[in-house]
Amino acid sequence: MKFKSQKIAYHFFALSMLLLVLQIVYGFILGFAHMGYDVLHELIPFNTAVTTHKNLLVVWILSGFMGAAYYIIPDEADNELYSVPLAKLQFWSFALVGVVAVAGFHVGWWEGRKFLEIPRPLDWLVALNVILFLVIILMTLIKGRKSSTTSWVLTMGLVFAALLYLPGMIYFDNISVDSFFRWWVVHLWVEGVWELIMGGILAYLLIKITGVDREVIEKWLYVVVGLTFISGILGTGHHYYYTGGPKYWLMVGGIFSAMEPLAFLGMTVFALQMYRKGNKKHPNKLALYWTLNTAIVSFLGAGLLGLAHTLPQVNMYTHGTLVTAMHGHLAFWGAYASLVLAIISYAMPQLTGRKIFDNRVGHLAFWCANIGMIGMTASFAAAGVAQVYLERIAGFDFMTAAIEIQPHFVVLVLAASLFTVGILFFISNFLKFGGPTDELEAGENEFEALKTA
Amino acid sequence: MLSKLQAKVFFLGGTFLFLAIFIGMSIHSLTVGIPEQMNAKDLNEKVILGKQLWDKHNCMGCHTLMGEGAYYAPELTRVYSRKGPDYIKAVLTDPNGWGPRGRKMVKYDMTAEEVEGLIAFFEWMNRADLNGFPPEPSLKQ
């Protein structure tokens, strides 16, 4: 790493790993409940487990984004972070709010709004925390010796993600209006500004790993994020088809949702082209694998599987079924989870000075986690399609269909076990790195500094 | 070949144009479309109490409503016409906690007023125009 203050990223990455493990634990509780073994019902009922599972996902991904920003921004701005003590304060308050929120879910302290269950008093603390984070990032950029498109795209993504949290904090008596604004937050996050963050981090990784000229990468970064917003903003319409919105959303949402895979395809082509153009062979193979995985699997999960059920005629039947869970799992895995694992894989050797970037455990982590997640996606697909047929076409009641599809959850849990093995391998590598060091290296000679002996 | 400046114009221009269209459509939806289709004029105290209970108990954490939720318990958009108010009341007031065919629901100690609120909420929901959702099963005899 070039600057000592980048070390703060380590804390966020470690928190991400811890929360990811917890998220997986709650995922197993859900999987077993769907199989008919809701044995923890009295202690952790399904709605508590599902809320915890989803919010842990959001928090560990956000923690990864924050860590990425603390690592990337000083490097791009060519300056130390604005304030390390403030960054530490931001970290501990972020972790504290996360712990209180998760504990609160277990005693019914929540709002009961999918993905935005954090109760209002904690929402304000989240807002304060994010403001502090943004002040640190923006001040680092302003005081920096350099300015880059990559760092500004990443920062703008973070700023707009914070602003978009606000509509989710307004209360409405009309549940349709409530849902309308909830999707302003959730959809415009994951299919909008989070893709800015994704584009920024991906561009940074490609610049570092492939060695392709920054100007070329940043030009295509603009095109890709442009495609994201052109399709993604009006693509929000696919959430308004059947939730009380006017009929025109069926046409507008349908057309623009069909265009959304283009942005992800752009991201894939962009990454693969830059990799092919690259004239340097970076020794950090694991970071390269995870980076390309982000580009490819996000297209499959978010792009293609999204397209598979956002056409209004199809969505009429698949909306509100496990088909959504199929799309959701591979989309989050490809676009955001893989991205956080990519930046961790890239940054950890630099933060700790330990050259763990092409070992067997790391490759096993990559393949087990990916194959496991594809197995989970296939299980959700089988369960979802069967559910659609039994419930929406044949007219069986919900529980009849739910019992019929239980075997798919056995396969899901088996695939999830393989996925968990992959994640545990990844974490074992993470622990092998140890804590961050004070030694500064890399800088302009990063390739040389990282070369294995 | 596209220059970096042209790429930037494409990004900023496209984003602002489609954002403006989206905001225009949102204003129309929120002021005209949704109030009409959801019968907003019928939102009375009981219905609002039902909605608040829906949030408070995180019903969406198991059920779906308008197709939104967690896919672990039945879709409730049309539960009022499908099952009727007496059935809903029986579910909400089951002294042992509702548990059809092994799938357990959290036991709630609701007051009569709260039960009425939730029933009113489902009755209001039942009348919403959701553009054809949920679909009628085509093979149902």
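Key figures
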| read-out | value |
| --- | --- |
| Residue list for the stretch B:26-50, filter: facing chain A (nearest Cβ under 7 Å) and either surrounded by 18 or more Cβ atoms within 10 Å (Cβ to Cβ) or within 27 Å of B:Val115 (Cβ to Cβ) (or both) | B:Ser29, B:Gly33, B:Ile34, B:Gln37, B:Met38, B:Ala40, B:Leu43, B:Ile48 |
| Residue within the stretch A:28-46 that is in a helix (DSSP H, G or I), among the small types (Gly, Ala, Ser) and over 18 Å from A:Ile405 (Cβ atoms) present | no |
| Residue tally, condition of a type in the set (A, V, I, L, M, F, W, C) and outside any helix (DSSP H, G or I), over the stretch B:84-98 | 1 |
| Cross-chain or 6+ apart pairs with Cβ under 8 Å, the stretch A:341-361 first and within 20 Å of A:Phe3 (Cα to Cα), then assigned to a loop (DSSP other than H, G, I, E, B) and among the hydroxyl-bearing types (Ser, Thr, Tyr) | A:Leu351/A:Thr437; A:Thr352/A:Thr437; A:Gly353/A:Thr437; A:Lys355/A:Thr452 |
| When residues of the stretch B:109-141 are limited to those that are in a loop (DSSP other than H, G, I, E, B), closer than 25 Å to A:Ile393 by Cβ and hydrophobic (A, V, I, L, M, F, W, C), the one farthest from the chain's Cα centre (by Cα) | B:Leu139 |
| Failed condition for A:Gly353, given (1) touching an Asp or Glu at 6+ places or on another chain (Cβ under 6 Å); (2) within 13 Å of chain B (Cβ to nearest Cβ); (3) of a type in the set (Gly, Ala, Ser) | (2) |
| Hits in the stretch A:303-358 - residues which are crowded, with 20+ Cβ neighbours inside 10 Å, within 20 Å of A:Ile427 (Cα to Cα) and small (Gly, Ala, Ser) | A:Gly334, A:Ala335, A:Ala337, A:Ser338, A:Ala342, A:Ser345, A:Ala347 |
| Meets criteria (within 13 Å of chain A (Cβ to nearest Cβ) and surrounded by fewer than 16 Cβ atoms within 10 Å (Cβ to Cβ)) for B:Asp109 | yes |
| Unmet requirement for A:His34, which otherwise passes all of (1) over 19 Å from A:Ile136 (Cα atoms); (2) touching a Lys or Arg at 6+ places or on another chain (Cβ under 9 Å); (3) not hydrophobic (A, V, I, L, M, F, W, C) | (2) |
| Single residue of the stretch A:309-318 satisfying the filter (in contact (Cβ under 8 Å) with a residue 40 or more places away in the chain and within 17 Å of A:Val252 (Cβ to Cβ)) that is nearest to the other protein chains (Cβ to nearest Cβ) | A:Met316 |
| Yes/no for B:Lys8 being within 7 Å of chain A (Cβ to nearest Cβ) and under 23 Å from A:Thr51 (Cα atoms) | no |
| Residue satisfying all of: in the stretch A:103-137; aliphatic (A, V, I, L, M) and within 14 Å of chain B (Cβ to nearest Cβ); farthest from A:Glu195 (Cα to Cα) among these | A:Val107 |
| Test: residue in the stretch B:34-47 that is touching a residue at least 40 places away in the same chain (Cβ under 8 Å), under 16 Å from A:Phe398 (Cα atoms), part of a helix (DSSP H, G or I) and of a type in the set (S, T, N, Q) | no |
| Some residue of the stretch B:51-61 being surrounded by fewer than 20 Cβ atoms within 10 Å (Cβ to Cβ), assigned to a helix (DSSP H, G or I) and within 7 Å of chain A (Cβ to nearest Cβ) | yes |
| Condition met for B:Ser81 (within 18 Å of B:Ala128 (Cα to Cα) and either facing chain A (nearest Cβ under 7 Å) or assigned to a loop (DSSP other than H, G, I, E, B) (or both)) | no |
| Criterion violated by A:Val59 - all others in (1) within 14 Å of chain B (Cβ to nearest Cβ); (2) under 27 Å from A:Ile175 (Cβ atoms) satisfied | (1) |
| Within the stretch A:370-401, tally of residues that are touching a residue at least 12 places away in the same chain (Cβ under 8 Å) and over 29 Å from the mean Cα position of the chain (by Cα) | 5 |
| Scan of the stretch A:274-302 for residues that are surrounded by 24 or more Cβ atoms within 10 Å (Cβ to Cβ) and either of a type in the set (Gly, Ala, Ser) or part of a loop (DSSP other than H, G, I, E, B) (or both), ordered by number | A:Asn284, A:Ala287, A:Ala295, A:Ser298, A:Gly301, A:Ala302 |
| Scan of the stretch A:240-266 for residues that are buried (at least 20 other Cβ atoms within 10 Å of the Cβ) and away from every other protein chain (no Cβ under 14 Å), ordered by number | A:Pro261, A:Phe264 |
| B:Phe16 within 7 Å of chain A (Cβ to nearest Cβ), among the aromatic types (Phe, Trp, Tyr) and more than 17 Å from the chain's Cα centre (by Cα) | no |
| Cβ-Cβ under 8 Å pairs, at least 6 apart or on other chains, the stretch A:214-232 side within 12 Å of B:Leu2 (Cα to Cα), far side of a type in the set (Phe, Trp, Tyr) and modelled with pLDDT of 90 or more | A:Tyr222/B:Phe10; A:Tyr222/B:Phe11; A:Val223/B:Phe10; A:Val223/B:Phe11 |
| Residues satisfying the stated conditions in the stretch A:207-221, i.e. within 11 Å of another protein chain (Cβ to nearest Cβ), surrounded by fewer than 24 Cβ atoms within 10 Å (Cβ to Cβ) and among the aliphatic types (A, V, I, L, M) | A:Val216, A:Ile217 |
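For (1) more than 13 Å from every other protein chain (Cβ to nearest Cβ); (2) closer than 30 Å to B:Arg127 by Cα, each residue gets a yes or a no:
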residue	(1), (2)
A:Met139	yes, no
A:Lys146	yes, no
A:Pro167	no, yes
A:Val186	no, yes
A:Val190	yes, no
A:Leu205	yes, no
A:Val223	no, no
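The values are calculated or read from the model by the stated rules, or taken from the named source; none is laboratory data. The shown structure was predicted, so the numbers you read here are calculated from the model rather than taken from an experiment. Positions of Cβ are generated from backbone atoms using ideal geometry, with glycine treated the same way; all protein chains shown enter the neighbour counts.
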